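Enquirer: Take a look at the following structure, please.
Every read-out reported here was derived from the displayed coordinates using simple, explicitly stated rules and does not represent laboratory data. Just so you know, these numbers come straight off a predicted model, no measurement behind them. Methodologically, a virtual Cβ is constructed for each residue, glycine included, from the backbone with ideal geometry; neighbour enumeration extends over all protein chains shown.
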Amino acid sequence: MSIKATSDLWWKNAVVYCLDVETFYDSNGDGCGDLRGLTDRLDYLGGIGVSCVWLMPFYESPRRDDGYDISDFYAVDPRLGTHGDFVEFVRTARDRGIRVIADLVMNHTSDQHRWFQSARADRDSPYRDFYVWADEKPEEKPGDVVFPDKESSNWAWDERAGQFYLHRFYSHQPDLNVANPAVRDEIAQVIGFWLEQGLSGFRVDAVPFMLEPMGMPEGAMVDPHELMRDLRAFASRRSGEAMLLGEV
């Protein structure tokens, strides 16, 4: 596609400001930034030329990894405000010509997510195959571990489940089995939900890890990039202006 054919897309010329709601502006003096404080500062952001705000994770989370360990993809972290506060922030931003995108973290969940809690409790759980399990710890190559100063392996033993589970990051962040069509459907539902709340797109976290079929049966992901294409197509159907920005 030529440059001329895409020159009218909003994200081509957007001035994007990335921020963590928790550390941006505290509206009530409790020591934690919040969505109301962020809303109050939208005129400031517009004044310095910002046309798109990129939110780091604001979802419900145990906060063991700056919110990238999500326990509910559909809920706002109550420390940051309510769902109503979020909708009001997005609406007010739109009024000022500012779009909002957010981190989409779908490579893994928190081990406190209800999917994982159900999966570890029962091998017959419908969520068991949402994660990657092994009876024996698979062999690993040097360099496979992302955080060697914190983790010694990409596999952790779960006593309750009676199996090892895959985690490419921290052991409290079990990897999702993105080869599972049910998991892909859930990812699409999350995208659709937040687009309906007014988001203009997402920065997709940990894309390279989602495309590597570690621990999965051979042939589980014939074309790993198909997942990204499908999510891109789904987002475009839900919102013609939606953009996906992948971490690479």
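Enquirer: What angle do you read, to the nearest 10 degrees and between 0 and 90, between the alpha-carbon axis of helix 83-95 and the longest principal axis of the chain?
Expert: With rounding to tens, the tilt is 50 degrees.
Enquirer: Continuing with this model, one more query. Using helices alone, I'd like the mean residue ellipticity at 222 nm for the chain: each DSSP H run of four-plus residues gives -39500 (n - 2.57), total over residue count, nearest 500.
Expert: It lands at -8500 deg cm²/dmol.
Enquirer: With springs only between Cα atoms under 10 Å apart, run a GNM on the chain and tell me which of Asn177, Asn107, Asn28 wobbles the most.
Expert: Asn28
Enquirer: Under 14 Å Cα-Cα from Lys150, which aspartates and glutamates qualify once same-chain neighbours fewer than 8 residues away are excluded?
Expert: Those aspartates and glutamates meeting the cut-off are Asp65.
Enquirer: Mind listing the long-range amide H neighbours of Tyr59? Cut-off is under 5 Å, sequence gap 5 or more, other chains count too, H placed in the peptide plane at 1.01 Å from N.
Expert: Asp77
Enquirer: Another one. What is the magnitude of the charge dipole of the stretch 114-166 about its Cα centre, with +1 placed on the Cβ of each Lys and Arg, -1 on the Cβ of each Asp and Glu, and no other charges, expressed in debye to the nearest 20?
Expert: Numbers: 8 positive and 12 negative charges, 48 e Å.
With only Lys, Arg, Asp and Glu charged at Cβ, the dipole is about 240 debye.
Enquirer: Now a separate question. Take Cys32, project a point 7 Å from its Cα along the Cβ direction, then tell me which residues of the stretch 81-96 have their backbone nitrogen under 16 Å from it.
Expert: Only 81-86 fall inside the zone, counting backbone N under 16 Å.
Enquirer: Filter the GluC sites (Glu not before Pro) in the stretch 156-196 down to the DSSP loop ones having no more than 13 other Cβ atoms within 10 Å, then list what survives. Intermediate results must be reported in sequence, preceding the final value.
Expert: Values: sites: Glu159, Glu186, Glu196; in loops: Glu159.
Counting only loop positions with at most 13 other Cβ atoms within 10 Å, the GluC sites (Glu not before Pro) in the stretch 156-196 are Glu159.
Enquirer: To continue, here is another question. Distance in nm between label sites at Ser152 and Ile48, each 7 Å beyond Cα in the beta-carbon direction?
Expert: Going from the Ser152 label point to the Ile48 one covers 4.5 nm.
Enquirer: Testing the spin-label approximation: label points 7 Å from Cα along Cα→Cβ at His83 and Asp144. State their distance in nm.
Expert: Between His83 and Asp144, the simple spin-label model gives 4.0 nm.
Enquirer: Name the most mobile residue of Thr39, Thr109, Thr23, meaning the one with the largest mean-square fluctuation, in a Gaussian network model of the chain with Cα contacts below 10 Å.
Expert: Thr23
Enquirer: Determine, from the Cβ-Cβ distance of Arg41 and Ala134 and an R0 of 45 Å, the FRET efficiency 1/(1 + (r/R0)^6), rounded to the nearest 0.05.
Expert: According to the calculation, E is roughly 0.40.
Enquirer: Using only Cα atoms, find the angle between the long axis of helix 181-196 and the longest principal axis of the chain, and express it within 0 to 90 degrees, rounded to the nearest 10.
Expert: 10 degrees
Enquirer: Moving to a separate point now. Give me the distance in nm between label points sitting 7 Å out from Cα along the Cα-to-Cβ direction at Arg229 and Trp10, one decimal.
Expert: 2.7 nm
Enquirer: Taking every pair of distinct Cα atoms and averaging 1/r, then inverting, what Kirkwood hydrodynamic radius in Å comes out for the chain? List each step's numbers first, then the result.
Expert: On the way: mean 1/r = 0.0517 Å⁻¹.
The Cα-based Kirkwood calculation yields 19.3 Å.
Enquirer: Taking amide H positions as placed in the peptide plane 1.01 Å from N, state which residues far from His167 in sequence (5 or more) or on other chains have amide H under 5 Å from it.
Expert: Trp155, Ala156, Asp175
Enquirer: For Leu245, list long-range residues whose amide hydrogen, built 1.01 Å from N in the peptide plane, is under 5 Å from its own amide hydrogen.
Expert: So Leu245 has HN proximity to Phe202, Arg203, Val204.
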